[in-house]
Every structure is written in C-alpha cells, then in structure tokens.
Amino acid sequence: MTDTIDFAAQARLVSQLAAQTAEDQLDAPTPCEAYAVRHLLGHLVGLSAAFQHSARKDLGPMTSADPSAAVPDVEPGWRAELDRNLRGMAEAWHDPQAWEGETQAGGVTLPAAMVGRFALNELVLHGWDLARATGQEYTPDAAGLGVSYALLAPLAEGPDRVPVFGPPVEVAADAPLLDQVVALSGRRPDWAPPGS
C-alpha cells in the first residue's frame, strides 16, 4: 500500500469547479445536508490544508482537529486560497515518503497510505457534491475514482463494517462507477438541488 497516487488531476478539477462557482451560489444546498455551498467550499479549504500536514507528518492542530466540530465557511480570497491549498496537497502527496509509516488526520492516527487514500476520496466525493450543487459537469479523474471505490466498497460490506459516511444507497449492479462510489458514501446519485 505504499505506492504513491497522483492527486494532481483531481485537485485541478476541484479547483476549476470552485473557480466557476458564482457568488450567488454560495448559499445553495448541497448533497451534504448540513452544508450550503459556502460551507462545502470552506471544508475543502480546510481539508486541503490539513492533508498537506498529514502528508508531511507535521502533526499538530491541523491534523488533530475534528473536522465535524464546527461548520466551516469561506472567507475573502477563498478561491485563491483553495487553489493554493489543492496544489500544495497534490505536491505533498507526490512525495513517496508521504505514503510511508503512520500519520494523523482528523485526530486519528492511521497508516499514511490509508490517510492518502482518504484524502483523495475527499476530493472525489466533494468534487461531485460541488458540481451537483452548482449545476456543473463532473468527470472525476479515473484513477482517483478507482481509489475511492477500492476504499469505500470494503467499508460498506459485512455486519461489522461501518460506512465512512452514511448507509450505502442501493444502485443497479451495472450503474456507472461514479454512481456506485457516490452511493457507497451514503449519497443519492440522483440528488439535485430543490426545484431543479
């Protein structure tokens, strides 16, 4: 599990989605019930910074904080900050040493290779959340999508497995891989903003 995974394509895609999000969309709902678009973007700003610290084994407040402890929000200059953080996240996880040993994220210590997969999965799923909430097309990086499926599928199977997000949503066996990943995370692949 120590092979590196390239975050660059998925990080660029999320940055592009954010850049094309209009100010009047910031209060729109998202597939994450507790988050409006502004909160989802604030979460992305925070997690892309925190996972840089995880990759570099720079453990402290950024890696020990519970991400669900508060509802995040965006601040002035958030687009540039998010783009900078996403680039830094991709660069940090490009280093083979990032995938070795253990590190911390959200206050939990895990093998670094697992944390890296969780980090990329966050970009894949929240990219979908943002695209759906703002009416944008979404074609995630194929490698990243495969990582998400490989991470989520085992967590959703068996009586002793607890899904990372919510109970998996049923989809057809031949559903597109993106729909399967979204469903495994507890989201409805057919989610759309109210009234759309």
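The values are calculated or read from the model by the stated rules, or taken from the named source; none is laboratory data. The structure displayed is predicted, hence computed values, not measured ones. Cβ coordinates were reconstructed from backbone atoms using ideal geometry, including for glycine residues, and neighbour counts include every protein chain displayed.
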Only one of 91, 122, 137 is modelled with pLDDT of 95 or more, among the charged types (D, E, K, R) and closer than 18 Å to residue 67 by Cα, namely 122
**Study point:** Filter pass, residue 191 being outside any loop (DSSP other than H, G, I, E, B) and aromatic (Phe, Trp, Tyr)
**Key:** no
Of the residues in region 119-143 that are more than 8 Å from the chain's Cα centre (by Cα) and of a type in the set (S, T, N, Q), the one that is surrounded by the most Cβ atoms within 10 Å (Cβ to Cβ) is 134
Selection over region 82-116 where residues are surrounded by fewer than 18 Cβ atoms within 10 Å (Cβ to Cβ) and either under 20 Å from residue 22 (Cα atoms) or acidic (Asp, Glu) (or both) yields a count of 5
Considering only helices (runs of 4 or more DSSP H) wholly within region 1-81, the ones with at least 1 residues that are touching an Asp or Glu at 6+ places or on another chain (Cβ under 7 Å) are 8-19, 37-55
Residue 176 fails exactly one of (1) touching a helix residue (DSSP H, G or I) at 6+ places or on another chain (Cβ under 8 Å); (2) of a type outside the set (Val, Ile, Thr); (3) exposed (fewer than 15 other Cβ atoms within 10 Å of the Cβ); (4) at pLDDT 95 or above, namely (1)
Those residues of region 1-58 which are among the hydroxyl-bearing types (Ser, Thr, Tyr) and either under 24 Å from residue 101 (Cβ atoms) or out of contact with any helix residue (DSSP H, G or I) (no Cβ under 9 Å at 6 or more places or on another chain) (or both) amount to 2, 4, 48, 54
Here the residues within region 145-165 that are at pLDDT 95 or above and either touching a Pro at 6+ places or on another chain (Cβ under 9 Å) or not hydrophobic (A, V, I, L, M, F, W, C) (or both) are 146, 148, 149
